[in-house]
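Before any comments, here is the structure.
The values are calculated or read from the model by the stated rules, or taken from the named source; none is laboratory data. These numbers were taken from a predicted model, which means no experiment stands behind them. Quick reminder, even Gly has a Cβ in these numbers, built from the backbone with ideal geometry, and neighbours come from all protein chains shown.
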Amino acid sequence: MQQSGFNPKARWDRFIPEGDDHNTEELNDRIDVLAWFRRGKIYPKAIAWKEKLYPIQKITYNWQERCGAEMINYFSVDTGCGLYQISFNNTTYGWKLDKIISLT
Amino acid sequence: MIMHIDMDAFFASIEQAINPRLKGRPLIVGSRPNKMHTVVCAASYEAKALGISSGMPSKEAFRLCPDLAFVPADQSRYIWTSEQIFALLKDYGFILNYASIDEFQLDIGSLTQRQILVQEIQSRIRQSFQITASIGIAKNWLLAKLASKINKPNGIAIITDKNQEEILAKVAVNKLCGVGEKTSLIMDALGIKTCLDLYQKTAWFLREHLGQAGLDLYAGLRQVGHLEPESSRPEVKSIGHSYTLPRASANPGFIHAWLSLLAEMVARRLRQKNLLSQTVHLWLNGPQIGNFSAQKTFQQATSDPYEIFQRGLKIMAFLGPGIPKIRALGITCSKLSQAKYLPLLKEQKQREELISALDQINSRYGENTIHPALIKLTQKIPQ
């Protein structure tokens, strides 16, 4: 006898259409990012947003999500003046500022 | 021996790793972005200390702690981290069971250097993800899972034949997996307060008072367990999904939309496994109906979401005219068979081609890129 297995692919949240209570903090702004690609990993170093350059002091977390055929790499980054979620799309090679997590 | 790895306040710990300013603060992760109209799907240890627990309405949590930090759940972060931990554990070469999003089990056999392995796993998880795990080791998964809860967070507990009775005497029986609120009340009336009290009862006694569940617990506490390799695990017998609505509703559009969404999800998984289903099982829960569950077997096996939705509606009609207030619902497809034959009728063939085209679009651009319009109503929460 053993505990039944879990299937991480069986996710209901991927099926939910965006509704009226979607996260209003989302920005989804296209940005330029200075990044270091090393041994299959990505290290964003600075963000250029609204004609200002924000050097990244620390990547606090990173994760990936497959969206259809595209793979999105997410990073939560601390610039010293705020904590931001940015993402890199492996198919379009585009960077986005997804949202401001918190401001200092 | 089985090793059970249980992540500590998994979702909340990941959110604290993402935003270090939340570390040390009471935090809840809500299932929806609206912080006053959601339920707590995870609480940090600081929030748990204030009496906040998973499943609690967020309003109640904010009443207990007005300064509570709130983050809406983002499944992608948790799933990715969970899959990475699974991959990390797979490296050790033991038989591995993916028990849930935040629980993993390894069959470590008769390995002697358990303590070193446990510490290495805890350290690798902490270094890679800045979160902690509690680990329990015992002769079977039920005891190993119990052991993982004893010294949380970041704890280690090993239950051996020598210390088993001493440990079980200290643990309340409701900590044991499979002992829910109702069973716990029955046990309390029978004078079973600790896991040791339960362990000392005879199989006959437990069967008489708790039925099969009692016998399962009797066996679960005693047997020496092994995990089966993935290749020899039994094939899927059913595929289902359920959902708890933000509030009870009798709105037909809203209920039908959710039923349609669940049917879409179930059908998609059936088609991914190239399966067809003949039996549809519907489960509903609401203040007037309590738990309603019924199933129906149909002549034609299907993996068509619209057909599964229609079959669900037919079962719902057993309740009589109108829709009672529903708080949670689920749909499960069983009596599965491999999809071997191509449809003969022209209409069926066209329908198959349409579904196949929709699948291709959703596989290319992401789930739910294209969906029945009815599903949009899942977002219109009736007042």
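Does A:Met1 satisfy the criteria of being within 14 Å of chain B (Cβ to nearest Cβ) and either touching a strand residue (DSSP E or B) at 6+ places or on another chain (Cβ under 9 Å) or modelled with pLDDT of 95 or more (or both)?
no
Specify which of the listed residues (B:Ile192, B:Ile239) is assigned to a loop (DSSP other than H, G, I, E, B) and either touching a His at 6+ places or on another chain (Cβ under 6 Å) or surrounded by 20 or more Cβ atoms within 10 Å (Cβ to Cβ) (or both).
Checking each option against the conditions leaves just B:Ile192.
Restricting segment B:88-105 to residues that are aliphatic (A, V, I, L, M) and modelled with pLDDT under 95, which is farthest from B:Ile2 (Cα to Cα)? Walk me through it before giving the result.
Within segment B:88-105, the subset aliphatic (A, V, I, L, M) is B:88-89, B:95-96, B:99, B:101.
When the remaining residues are screened for being modelled with pLDDT under 95, the result is B:95-96, B:99, B:101.
Values: B:Ile95: 10, B:Leu96: 10, B:Ala99: 13, B:Ile101: 18 Å.
My answer is B:Ile101.
Kindly establish whether B:His226 is outside any helix (DSSP H, G or I), surrounded by fewer than 17 Cβ atoms within 10 Å (Cβ to Cβ), within 14 Å of another protein chain (Cβ to nearest Cβ) and in contact (Cβ under 8 Å) with a residue 60 or more places away in the chain.
Yes, satisfied.
So in segment B:367-383, with the set limited to residues that are touching a residue at least 60 places away in the same chain (Cβ under 8 Å), part of a helix (DSSP H, G or I) and more than 7 Å from chain A (Cβ to nearest Cβ), which one is farthest from B:Ser76 (Cα to Cα)?
Only one residue tops the list, namely B:Leu374.
Here is a yes/no grid of residues against (1) at pLDDT 95 or above; (2) at the interface with another protein chain (Cβ under 8 Å from one of its Cβ atoms); (3) assigned to a strand (DSSP E or B); (4) in contact with a strand residue (DSSP E or B) (Cβ under 9 Å, 6 or more places away or on another chain):
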{"position": "A:Gly5", "(1), (2), (3), (4)": "no, yes, no, yes"}
{"position": "A:Pro8", "(1), (2), (3), (4)": "no, yes, no, yes"}
{"position": "A:Gly19", "(1), (2), (3), (4)": "no, yes, no, no"}
{"position": "A:His22", "(1), (2), (3), (4)": "no, yes, no, no"}
{"position": "A:Asn73", "(1), (2), (3), (4)": "yes, no, yes, yes"}
{"position": "A:Ile86", "(1), (2), (3), (4)": "yes, no, yes, yes"}
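Which of the residues belonging to segment A:30-57 are surrounded by 15 or more Cβ atoms within 10 Å (Cβ to Cβ) and under 16 Å from A:Leu103 (Cα atoms)?
A:Ile47, A:Trp49, A:Tyr54, A:Ile56
Take residues that are in contact (Cβ under 8 Å) with a residue 24 or more places away in the chain and in contact with a Gly (Cβ under 8 Å, 6 or more places away or on another chain) and tell me which of the strands (runs of 3 or more DSSP E) falling wholly in segment B:243-360 contain 3 or more.
Qualifying strands (runs of 3 or more DSSP E): B:275-286, B:326-338.
What helices (runs of 4 or more DSSP H), lying completely within segment B:33-133, carry at least 1 residues that are more than 13 Å from every other protein chain (Cβ to nearest Cβ) and of a type in the set (Asp, Glu)?
Numbers: elements: B:45-48, B:58-64, B:75-90, B:114-129.
Per the criteria, B:45-48, B:58-64, B:114-129.
Take the residues of segment B:353-383 that are at pLDDT below 90 and among the charged types (D, E, K, R): which is nearest to B:His37 (Cα to Cα)?
That would be B:Lys380.
I'm told B:Thr244 meets every condition in (1) of a type in the set (Ser, Thr, Tyr); (2) within 13 Å of another protein chain (Cβ to nearest Cβ); (3) more than 22 Å from the chain's Cα centre (by Cα) except one. Can you identify the failing condition by its number?
That leaves (3) as the condition not met.
Output yes when any residue across segment B:177-184 is modelled with pLDDT of 90 or more and part of a helix (DSSP H, G or I), and no when none is.
no
Considering each residue of segment B:159-178, count those that are under 17 Å from B:Ser110 (Cα atoms), of a type in the set (D, E, K, R) and touching a residue at least 12 places away in the same chain (Cβ under 8 Å), and give that number. So that I can check it myself, show each step before the final result.
Filtering segment B:159-178 for residues under 17 Å from B:Ser110 (Cα atoms) gives B:159-162.
Checking which are of a type in the set (D, E, K, R) leaves us with B:161-162.
Restricting the remaining residues to those that are touching a residue at least 12 places away in the same chain (Cβ under 8 Å) gives B:161.
Summing the residues that are under 17 Å from B:Ser110 (Cα atoms), of a type in the set (D, E, K, R) and touching a residue at least 12 places away in the same chain (Cβ under 8 Å) in segment B:159-178 gives 1.
Run down B:Ser232, B:Ser238 and say which single residue is within 30 Å of B:Gln295 (Cα to Cα), at pLDDT below 85 and of a type in the set (S, T, N, Q). Spell out the reasoning first.
On the way: B:Ser238 fails: at pLDDT below 85.
Answer to the check: B:Ser232.
Of these, B:Thr183, B:Thr132, which one is in contact (Cβ under 8 Å) with a residue 12 or more places away in the chain, β-branched (Val, Ile, Thr) and touching a Pro at 6+ places or on another chain (Cβ under 8 Å)?
Only one candidate qualifies: B:Thr132.
Which one of B:His37, B:His4 is touching a residue at least 40 places away in the same chain (Cβ under 8 Å) and surrounded by fewer than 19 Cβ atoms within 10 Å (Cβ to Cβ)? Walk me through it before giving the result.
Values: B:His4 fails: surrounded by fewer than 19 Cβ atoms within 10 Å (Cβ to Cβ).
Exactly one residue qualifies, and that residue is B:His37.
Is it fair to say B:Arg25 is within 13 Å of chain A (Cβ to nearest Cβ), modelled with pLDDT of 90 or more and not in a strand (DSSP E or B)?
Answer is yes for this residue.
Checking the conditions here, which among B:Tyr243, B:Tyr199 is touching a Leu at 6+ places or on another chain (Cβ under 6 Å) and within 30 Å of B:Leu146 (Cα to Cα)?
B:Tyr199
Test each condition in (1) crowded, with 19+ Cβ neighbours inside 10 Å; (2) more than 12 Å from every other protein chain (Cβ to nearest Cβ); (3) more than 21 Å from the chain's Cα centre (by Cα) for B:Gly253 and report the one that comes out false.
(1)
Counting just the residues of segment B:327-353 that are farther than 17 Å from B:Ala263 by Cα and of a type in the set (A, V, I, L, M), which one comes out surrounded by the most Cβ atoms within 10 Å (Cβ to Cβ)?
B:Ala339
In this structure, is B:Leu196 within 14 Å of chain A (Cβ to nearest Cβ), on the phi < 0 side of the Ramachandran plot and modelled with pLDDT of 90 or more?
no
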